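Notes follow the structure.
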Amino acid sequence: MQVVRNGMDFIIIPEVHRRTLVWIHGYGDTGELFCDDFFKEPLIADCKVILPTAEEKKVSPHSNEKVRSWYERKGSFKYNNSIENSVERINSILREESKHTDCLMIGGFSQGAVMSLYCGLCRYEGPIKAIIALSGFAIPMEIPQNKLSTPVLLYHGAQDNRIALNDSVKTIEKHLKGVNYHLEVHPRMPHEVYLEEYDFIRNWLRTTLNIT
């Protein structure tokens, strides 16, 4: 297994490549944040992991401060069209990877979870084998009938003080109707990723993808 860096993006390449996971970081972070986690303890041994990094955007129209973000945070839990450039970027990665494997997965944390759900269920035209959304929420989207059966893992901490569990659940119930999702709640976790969360994801993927 090796790690290849391309600017601010990272790619973890296994010795044998049978599937690909595109993993999307949260607001203010970079792809490098998750690189060590996936390199040291791979979710699946034969899975290539692509860790893109968002471009820098102004925090608000009244500030010159820039933060790495997949879309502008104009309003909580709402759609805004600033997401579309990032969607096209993620979709282009998925389209390229589809030339090399028929097992594509997408996941992410916080803002990356929002992106994963929106791209995987609504905007990417090809099949997705699994979606992993950690500590995020769902924005309004039109989900095609053939995407409703896509396995989705939603994982959230009951002590999340940035995206409250109750608020997240409301968006899930409203915007993911009919979707094949499983919601797992950690009773003590704040807005973070815990090691035991990776263990749960690993087991869920093995069951979902029928990996022995």
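The values are calculated or read from the model by the stated rules, or taken from the named source; none is laboratory data. Please read all numbers here as calculations on a predicted model, not as lab measurements. Please note: Cβ atoms are built from the backbone with ideal geometry, for glycine as well, and neighbour counts cover all protein chains shown.
Figures for the structure shown
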{"quantity": "Among residues of region 97-146, those that are more than 24 Å from ILE211 (Cα to Cα) and of a type in the set (Asp, Glu), counted", "calculated": "2"}
{"quantity": "Number of the exception - SER149 against (1) among the hydroxyl-bearing types (Ser, Thr, Tyr); (2) crowded, with 18+ Cβ neighbours inside 10 Å; (3) closer than 17 Å to THR208 by Cα", "calculated": "(2)"}
{"quantity": "ALA138 within 17 Å of ILE24 (Cβ to Cβ) and touching a Leu at 6+ places or on another chain (Cβ under 7 Å)", "calculated": "yes"}
{"quantity": "Residue in region 95-103 that is closer than 21 Å to MET8 by Cβ, of a type outside the set (Gly, Ala, Ser) and touching a strand residue (DSSP E or B) at 6+ places or on another chain (Cβ under 9 Å) present", "calculated": "yes"}
{"quantity": "First in region 73-97 and among the β-branched types (Val, Ile, Thr), second anywhere and part of a helix (DSSP H, G or I), Cβ under 7 Å, 6 or more apart", "calculated": "ILE83/TYR118; VAL87/TYR118; VAL87/CYS119; VAL87/ARG123; ILE90/MET115; ILE90/CYS119"}
{"quantity": "Residue in region 13-39 that is farthest from LEU117 (Cα to Cα), counting only those that are in a helix (DSSP H, G or I) and aromatic (Phe, Trp, Tyr)", "calculated": "PHE39"}
{"quantity": "Subset tally (residues that are assigned to a strand (DSSP E or B) and closer than 21 Å to GLY112 by Cβ) for region 1-12", "calculated": "8"}
{"quantity": "Contacts under 8 angstrom Cβ, first residue in region 151-177 being touching a residue at least 12 places away in the same chain (Cβ under 8 Å), partner surrounded by fewer than 21 Cβ atoms within 10 Å (Cβ to Cβ) and small (Gly, Ala, Ser), 6 or more apart", "calculated": "LEU165/ALA158; ASP167/SER76"}
{"quantity": "Search result, residues across region 1-39 that are in contact with an Asp or Glu (Cβ under 8 Å, 6 or more places away or on another chain), buried (at least 18 other Cβ atoms within 10 Å of the Cβ) and closer than 19 Å to ARG89 by Cα", "calculated": "PHE10, THR20, VAL22, GLY31"}
{"quantity": "Sole residue being in contact with a Leu (Cβ under 7 Å, 6 or more places away or on another chain) and either modelled with pLDDT under 95 or in a helix (DSSP H, G or I) (or both), chosen from ILE132, ILE172", "calculated": "ILE172"}
{"quantity": "Check on THR30, polar (S, T, N, Q) and in contact (Cβ under 8 Å) with a residue 40 or more places away in the chain", "calculated": "no"}
{"quantity": "Flag if TYR155 is of a type in the set (Ser, Thr, Tyr), under 23 Å from PRO52 (Cα atoms) and assigned to a helix (DSSP H, G or I)", "calculated": "no"}
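One line per residue, one yes/no per condition, for (1) assigned to a loop (DSSP other than H, G, I, E, B); (2) farther than 28 Å from THR101 by Cα:
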residue	(1), (2)
GLU125	yes, no
PHE137	yes, yes
MET141	yes, no
ASN146	no, no
LYS177	yes, yes
LEU183	no, no
ARG188	yes, yes
ASP199	no, no
ARG202	no, no
